[in-house]
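Notes for the one structure printed next.
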Amino acid sequence: MAHSSKSSGIDPSADDGQLLEVARGDRDAARRRDASAALLLRYRDAVYAWCLRYTRDPERALDLSQDVMLTAWEKIGSFEGRAKFSSWLFAVTRNRCIDASRRVDLLADELISEEHPDPAPLPDAVAIDTGGEDRLLALIRRELDPDEQKAIWLRCIERMPVEEITVLLGVSGSSGARALLQRARRKLRAALDRDERRMV
């Protein structure tokens, strides 16, 4: 990523879409490299901040953010543009942090309220006994839609208040993101139950 953007005529101030167009399809390899570098450079601090919020450890956050940037660098040419680049990069960051997680409390937050009781806990202990957190993370990816995954991540990893998640994800309805989170947890409980029946 050390190639000079001036030599290939890339404008580092161009918007994400313009840089992506060059990074994904320009005939000139140097222009593709410079456009990719300019685009990733503008998100470098944000990726580090996301990783730091997850790890609470500057050194680990730096390692993870470097991994994310390398992954994004390698995959930017295949980015299909169906979402904003920043959303895609956030997803790459979230998945890298989840993969690096040795925690099993992703869903330990019960989110119970008097208006929306949800007394049945997700059987994390069962997940640990029968395959560990890797199984739980695989279930999250397999069973939940993108908004549910984001909600679970924001609440259980970033500890963001439900009200803020509601605003961030643009969730409508009187219960906001609370209903989204509870639906996600019910899906995961059902998936765990199905897996348990298969193992019997």
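The values are calculated or read from the model by the stated rules, or taken from the named source; none is laboratory data. Note that the coordinates shown come from a computational prediction; the quantities given were computed from them, not determined experimentally. Note that we place each Cβ from the backbone using ideal geometry, even for glycine, and neighbour counts take in every protein chain shown. Only protein heavy atoms, including side chains, enter the accessible area calculation; ligands, DNA and RNA are left aside. Shrake-Rupley method; radii C 1.70, N 1.55, O 1.52, S 1.80 Å.
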Among the residues of region 120-141, is any at pLDDT 70 or above and open to solvent by 60 Å² or more (accessible area, probe 1.4 Å)?
yes
Please verify whether Ala14 is closer than 25 Å to Ala138 by Cβ and either in contact with a helix residue (DSSP H, G or I) (Cβ under 7 Å, 6 or more places away or on another chain) or not in a helix (DSSP H, G or I) (or both), treating the condition exactly as stated.
no
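Filter region 61-79 down to residues that are open to solvent by 50 Å² or more (accessible area, probe 1.4 Å) and closer than 20 Å to Asp26 by Cβ, then give me how many there are.
Just the residues of region 61-79 that are open to solvent by 50 Å² or more (accessible area, probe 1.4 Å), to begin with: 62-63, 66-67, 70, 73-75, 78.
Still in the list and also closer than 20 Å to Asp26 by Cβ: 73-75, 78.
Matching residues across region 61-79 total 4.
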So Arg82 clears everything in (1) part of a helix (DSSP H, G or I); (2) open to solvent by 30 Å² or more (accessible area, probe 1.4 Å) except one condition, right? Which one?
(1)
Does region 70-94 hold any residues that are more than 14 Å from the chain's Cα centre (by Cα) and at pLDDT 85 or above, and which are they?
Leu70, Trp73, Glu74, Lys75, Ile76
Residue pairs within 6 Å by beta carbon, gap of at least six or interchain, first lying in region 11-30 and surrounded by 15 or more Cβ atoms within 10 Å (Cβ to Cβ), second hydroxyl-bearing (Ser, Thr, Tyr), listed first then second, are Ala23/Ser36; Ala30/Ser8
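Any idea which residue in region 142-170 is surrounded by the fewest Cβ atoms within 10 Å (Cβ to Cβ), counting only those that are among the aliphatic types (A, V, I, L, M) and in contact (Cβ under 8 Å) with a residue 24 or more places away in the chain?
We begin by selecting, within region 142-170, every residue among the aliphatic types (A, V, I, L, M); these are 144, 151-152, 154, 157, 160, 162, 165, 167-169.
So of that shortlist, the ones also in contact (Cβ under 8 Å) with a residue 24 or more places away in the chain come out as 144, 151-152, 157, 162.
On the way: Leu144: 20, Ala151: 28, Ile152: 22, Ile157: 18, Val162: 20.
Among them, the one singled out is Ile157.
For region 37-49, state whether one or more residues are closer than 16 Å to Arg94 by Cβ, surrounded by 13 or more Cβ atoms within 10 Å (Cβ to Cβ) and touching a Leu at 6+ places or on another chain (Cβ under 6 Å).
Initially, region 37-49 is screened for residues closer than 16 Å to Arg94 by Cβ, giving 43, 46-49.
After this cut, where a residue has to be surrounded by 13 or more Cβ atoms within 10 Å (Cβ to Cβ) as well, the list is 43, 46-49.
From what is left, the residues that are touching a Leu at 6+ places or on another chain (Cβ under 6 Å) are 43.
Yes, that holds for at least one residue.
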Criterion first (within 24 Å of Ala91 (Cβ to Cβ) and touching a residue at least 60 places away in the same chain (Cβ under 8 Å)) does Leu62 satisfy it?
no
Taking first residues from region 31-53 that are within 14 Å of Ala14 (Cα to Cα) and in contact (Cβ under 8 Å) with a residue 60 or more places away in the chain and second residues anywhere that are open to solvent by less than 80 Å² (accessible area, probe 1.4 Å) and in a helix (DSSP H, G or I), the pairs with Cβ under 6 Å that are 6 or more apart or on different chains are none
Before we move on, is Arg33 modelled with pLDDT under 90, basic (Lys, Arg) and either open to solvent by 20 Å² or more (accessible area, probe 1.4 Å) or within 15 Å of Arg96 (Cα to Cα) (or both)?
no
